[in-house]
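The values are calculated or read from the model by the stated rules, or taken from the named source; none is laboratory data. Every value quoted in this text rests on a predicted model; they were computed, and no experiment measured them. Cβ placement follows ideal geometry from the backbone for every residue including glycine, while neighbour counts extend to all protein chains displayed. For the accessible areas, the whole protein counts, side chains as well, though only heavy atoms, and no ligand, DNA or RNA atoms are used. Shrake-Rupley method; radii C 1.70, N 1.55, O 1.52, S 1.80 Å.
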Amino acid sequence: MSAATAQKIEEHEVVIIGAGVCGIYQLHRMLDMGVDAVVVEMSDDLGGTWYNNRYPGCRFDSESYTYGYSFSKELLNEWHWVEAYSPQPENLKYLNHVADKFNLRPHMQFNCKVDHARFEESEDRWYLDLSDGRTMSCRFMIMGLGLLSQPTLPKIKGREDYKGKAFHTYYWPHEGVDMKGKKVAIIGTGATAIQIIPEVAKEADSLTVFQRRANWAAPLNNYKITDEKMAEIRSRYDEIFEACAKSPGGFEHHPDRRGFWEVDRDERLAMWEQLYKEPGFGIWLKNFREIFTHEDANAEISEFIASKIRERVKDPVTAEKLIPKDHGFGVQRVPLETFYYEAYNRDNVELIDISETPIERITENGIKTSERDFDFDIIVYATGFDAITGAYDHMDIQGRDDFVLREKWSDGPETYLGMMVHGFPNMLMPAGPQSGSASTNYPRGIENGVNWCTDLLKVVWDKGYTRVEATAEAEERWTRHVAEMYSTMLMRKAKSWFTGYNSNVEGHEAGRIRYFVYNGGTPKYMKTINEVRDKGYEGVVLSSPGSSGMVPPHQIGDAAD
Ligand code: NAP
């Protein structure tokens, strides 16, 4: 960057990309420390996932009171979650409340997408080209990009020919969609579709669901939170967050530590009956660990859930179609549902199995399968995301020397602790690929990641360093460790976003696993990252121009003060 153009560039110590759950907390930590930090966000307001996904039925699958931020007692005491699994409008209201309470909004800039980020080695600074034509520079670039923020439309011929209303669930129109009297199609039966289908079924004249692969789902069993219940929750917040920190998934749900085969089959079935009635992820996360690792154990729980689907869906042919045949229960993130299966008992809902009669094309008026021509007023694409690395791939990120992130990650992410990447100094990802966030209760993981990155930056600033970067060896070790953990898990065989599968993204079709998530659980992850910190940031090199190159970690001895 030449001196002539330098004055046009907005300079900050820290630029945080993304105003979602992660960016909001990271900004708060920075401002609290008096650091010059700004958030840049491509949408026109804050909230990330909860700003964009406005489809009917969209809500938490985490218990609301474990999803909120834990850092402020005052915030915890003043917020009343209205439902055990809070709906999207409330979630967005909550994030706005947090931003207003901590005066974060003046430090956020909207409608500015980062197209290109480049690390300038001679200055130890990042230069960011924004979609509005501006350039920004910062010492540290912190990624709050979200795990599921790059929606993907299906690769189906004729999509552009369709004359009716059509949208991806992520871009649900802000003014809402009137479904009354309309013929509606939904493509996809993932977690999003499972939330929206029962809601559209209630409104639309007809709903046709196009399913390629069935997905296991279990009841959410949501309930309203009364004043009394909220008071009880408030009195238990310390206990709740402690329980989340001790569980692998970052939830209050803890796995059953008894061996699967040590427990009598009748007892197992009775336990599953009970868990199926309980709110939330209990049926998935309070279960025996073997259901994730042993085919026989998994087959048994899968059969139990299949029997529930058969009980709930009146038409036996439809019920069979809704039972997954290609993977077992729980090897993909389990969608939680509210009357999803009952929706198929309605006269106005039809399930089309496109594994039998594939979609040939989208037409001007609707959808043509190998068997039928359908006319629709509205087509909803509930077709998922270019998950985890998608948002990074869509940004052109050039590190030092010739490192280009998209190229480095072309076969899957390589990271150190999921928070740093070798070749990309001063880029931190509190909730990055392979971090402790992706496969857990997301905000719990985010707070841990943000706190760890903030501690690291404190050391950098206290010691006067200007550069921080993971070593190639540390990165290789972590990436191998993350991959090795997949080897015992049945999930490695599943076509899901945990293995990097997306049929609509080139290179992400089934066949090659991408090691996207850390499967060791919250306590192990925390132990590891805290040990790294306590050993003076082992595997991380801190340096400054005056230090003539890299400073070995042992030289920063008291770094963890
Ligand atoms: P998803 O699980 O990836 O599901 C996408 C669906 O679209 C799948 O059924 C897929 O079929 C189908 N599909 C994609 N391309 C298609 C094509 N070309 N033709 C036909 N069908 C196609 O995506 P998602 O439902 O958006 O969920 C993603 C994640 O978001 C979830 O796992 C969850 O973590 C998160 N989420 C959370 C909540 C919550 O409760 N908080 C709600 C919604 C989503 P195939 O399986 O055959 O590819």
Criterion (touching a Leu at 6+ places or on another chain (Cβ under 8 Å) and among the β-branched types (Val, Ile, Thr)) met by exactly one of 459, 450, 517, 505: 459
Within the stretch 232-311, helices (runs of 4 or more DSSP H) holding 2 or more residues that are modelled with pLDDT of 95 or more, open to solvent by 50 Å² or more (accessible area, probe 1.4 Å) and out of contact with any helix residue (DSSP H, G or I) (no Cβ under 9 Å at 6 or more places or on another chain): 237-246, 265-277
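Of all residues being part of a helix (DSSP H, G or I) and within 14 Å of the ligand (Cβ to nearest atom) in the stretch 52-65, which is farthest from the chain's Cα centre (by Cα)? Just the residue, please.
In this case the residue turns out to be 64.
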Failed item, numbered, when residue 332 is tested on (1) in contact (Cβ under 8 Å) with a residue 12 or more places away in the chain; (2) away from the ligand (no atom under 16 Å from the Cβ): (2)
Condition check for residue 149: polar (S, T, N, Q), more than 12 Å from the ligand (Cβ to nearest atom) and open to solvent by less than 50 Å² (accessible area, probe 1.4 Å): no
Filter result for residue 96 (within 23 Å of residue 449 (Cα to Cα), open to solvent by less than 60 Å² (accessible area, probe 1.4 Å) and more than 16 Å from the ligand (Cβ to nearest atom)): yes
Selection within the stretch 152-166 - away from the ligand (no atom under 14 Å from the Cβ) and in contact (Cβ under 8 Å) with a residue 40 or more places away in the chain: 161, 162, 163, 164, 165
Tally of residues being of a type in the set (Ser, Thr, Tyr) and either away from the ligand (no atom under 15 Å from the Cβ) or in a strand (DSSP E or B) (or both) across the stretch 345-399: 4
Residue 178 vs. criteria over 21 Å from residue 358 (Cα atoms), more than 22 Å from the chain's Cα centre (by Cα), free of Cβ contacts under 8 Å to residues at least 60 places away in the same chain and open to solvent by 20 Å² or more (accessible area, probe 1.4 Å): yes
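Out of all the residues in the stretch 420-445, which are under 15 Å from the mean Cα position of the chain (by Cα) and hydrophobic (A, V, I, L, M, F, W, C)?
429, 431, 438 - these are the residues of the stretch 420-445 that are under 15 Å from the mean Cα position of the chain (by Cα) and hydrophobic (A, V, I, L, M, F, W, C).
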Test: residue in the stretch 323-339 that is assigned to a helix (DSSP H, G or I), aliphatic (A, V, I, L, M) and touching a strand residue (DSSP E or B) at 6+ places or on another chain (Cβ under 7 Å): no
Tally, over the stretch 322-331, of residues that are surrounded by fewer than 22 Cβ atoms within 10 Å (Cβ to Cβ) and either touching a Leu at 6+ places or on another chain (Cβ under 8 Å) or not basic (Lys, Arg) (or both): 4
Residue 440, sole failed condition from (1) in contact with a Gly (Cβ under 6 Å, 6 or more places away or on another chain); (2) more than 16 Å from the ligand (Cβ to nearest atom): (2)
Some residue of the stretch 482-491 being among the polar types (S, T, N, Q) and within 16 Å of the ligand (Cβ to nearest atom): no
Leading residue by the ranking (farthest from the ligand (Cβ to nearest atom)) among those in the stretch 182-231 that are β-branched (Val, Ile, Thr) and in a helix (DSSP H, G or I): 200
